[in-house]
Ligand SMILES: C[S@@+](CC[C@H](N)C(=O)[O-])C[C@H]1O[C@@H](n2cnc3c(N)ncnc32)[C@H](O)[C@@H]1O
């Protein structure tokens, strides 16, 4: 998965085109509507208020085209040093149109040491490489990728201890033969973000669920590919040509955050954006649309209408609104 997505010579994210755009392979909340970034600006303002440090930093990891950062920074009231961390060279190029070029980087290691502020990751964690564990009796087998007759195949091997430990903690109740995606890299990513964050908040938004719900719902696991907005072929069929993704196991991220002493909130996107004022904003747009319908410019009315309908999809309870939201806070001194 790491090679297929990130290999410098042919990885899906490291090859030339920009993936998270309307004519790309998947459509994310900030690509659907600028109201996503505008609404999250309030989240960032609120969190920065609780951080006493004046040189606060905002980091978006996996920032894609900049469609979240652009509207967010244009709306934000608090001055902040904004950074983007992006694995894709094409996305970094696009982000240089939103941020000063030296604030766009490919690694958390290039951020300014330990900092206070806010870190945002929208639809990043589902792309971090997983191991595959299969329930066998009381234990686990792993599936590695091998080559047979020039074709990639899955090969059963004894599970590494760290994989079996993770699967015991966050992969149950898996039935015999049930498949679990072991999300060690997601945990390492969150740990390395929290190590850098002296005070502030990490906001993770993604599809996924708690361990228990994931295993009840998907005994064959959730690993899948996307291409051109549709489910793609088997992940082994065309490595480098498709997005490979899993449902995020939020129980594992919550356990890791709590282990570091951080405070955790878990919600749905619908709940977060509603609490930040998006429903009120939609109500205002509806009034404006009605006023324009009575005696206004029809083109202006259409513009408002599409802004409203796009933003409504961010709250859809069976769509983007059902995405999970994890807020991890540490070391804050409340004003
Ligand atoms: C599904 S896209 C989401 C883009 C953007 N956050 C959005 O919501 O439109 C995932 C993005 O994360 C980037 N990415 C994946 N793994 C990464 C990593 N380990 N570090 C930084 N960026 C990464 C990819 O290049 C891609 O742009």
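Numbers for the structure displayed
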{"quantity": "Point-to-point label distance, residue 287-residue 236, nm (Cα→Cβ direction, 7 Å offset)", "calculated": "5.9"}
{"quantity": "Label point 7 Å beyond Cα of residue 219 along Cβ direction - residues of segment 145-180 with amide nitrogen under 15 Å", "calculated": "172-180"}
{"quantity": "Extension gain (nm, one decimal) between residue 185 and residue 162, 0.36 nm per residue minus Cα-Cα", "calculated": "7.1 nm"}
{"quantity": "Fully extended contour minus Cα-Cα distance, from residue 294 to residue 50, at 0.36 nm per residue", "calculated": "83.4 nm"}
{"quantity": "Rounded tilt (10° steps) of 161-170 against the dominant C-alpha axis of the chain", "calculated": "50"}
{"quantity": "When segment 1-147 is reduced to its Cα atoms, the Kirkwood hydrodynamic radius in Å", "calculated": "16.8"}
{"quantity": "Label-reachable residues, segment 147-179, where backbone N falls under 19 Å from a point 7 Å from residue 210's Cα toward its Cβ", "calculated": "167-175"}
{"quantity": "Directionally averaged projected area (convex hull, Cα atoms, segment 153-215), nm²", "calculated": "6.0"}
{"quantity": "Cα-based helix-to-principal-axis angle, 34-49 vs the chain, degrees rounded to 10", "calculated": "90"}
{"quantity": "Packing-based ranking, highest mean first, of 69-76, 109-116 given that Cβ atoms within 10 Å are counted", "calculated": "69-76, 109-116"}
{"quantity": "Range of Cα positions in segment 213-313 per principal axis (Å), largest first", "calculated": "56, 42, 24"}
{"quantity": "Euclidean distance between Cα centres, segment 259-335 to segment 143-218, Å", "calculated": "30"}
{"quantity": "Contour minus Cα-Cα distance for residue 144 and residue 309 (0.36 nm per residue)", "calculated": "55.0 nm"}
{"quantity": "Spacing of the two label points (7 Å from each Cα toward its C-beta) at residue 260 and residue 228, in nm", "calculated": "4.0"}
{"quantity": "Zero-based 20 Å bins, Cα pair distances in the chain, whole percents", "calculated": "29, 57, 13, 1"}
{"quantity": "Residue 102 paired with residue 151, simple spin-label distance in nm, labels 7 Å along Cα-to-beta-carbon", "calculated": "5.3"}
{"quantity": "Rounded to 10°, Cα long-axis angle of helix 250-259 versus longest principal axis of the chain", "calculated": "90"}
{"quantity": "Computed Kirkwood radius, in angstrom, where 1/r is averaged over Cα pairs of segment 53-114", "calculated": "11.7"}
{"quantity": "Interatomic Cα distance distribution for segment 139-290, bins of 5 angstrom, percent", "calculated": "2, 7, 13, 15, 17, 15, 12, 8, 5, 3, 2, 1, 0"}
{"quantity": "With 5 Å bins from 0: P(r) over segment 95-150, alpha-carbon pairs, percent", "calculated": "4, 10, 11, 17, 13, 9, 9, 11, 9, 5, 1"}
{"quantity": "Per-q log10 I(q)/I(0), segment 183-251, q = 0.12, 0.18 Å⁻¹ (Debye; single scatterer per alpha-carbon; no solvent)", "calculated": "-0.44, -0.85"}
{"quantity": "Estimated translational D of segment 84-217 in µm²/s (Stokes, Kirkwood radius over Cα pairs; 4 °C; 1.567 mPa s)", "calculated": "75"}
{"quantity": "Gyration tensor (Cα) of segment 224-273, equivalent ellipsoid semi-axes in angstrom", "calculated": "32, 15, 7"}
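Every number here is computed from the coordinates shown, using simple stated rules; none is lab data. Computed from a predicted model, the values in this text were never measured in an experiment. Neighbour counts are summed over all protein chains in view; Cβ atoms, including those assigned to glycine, are modelled from backbone coordinates with ideal geometry.
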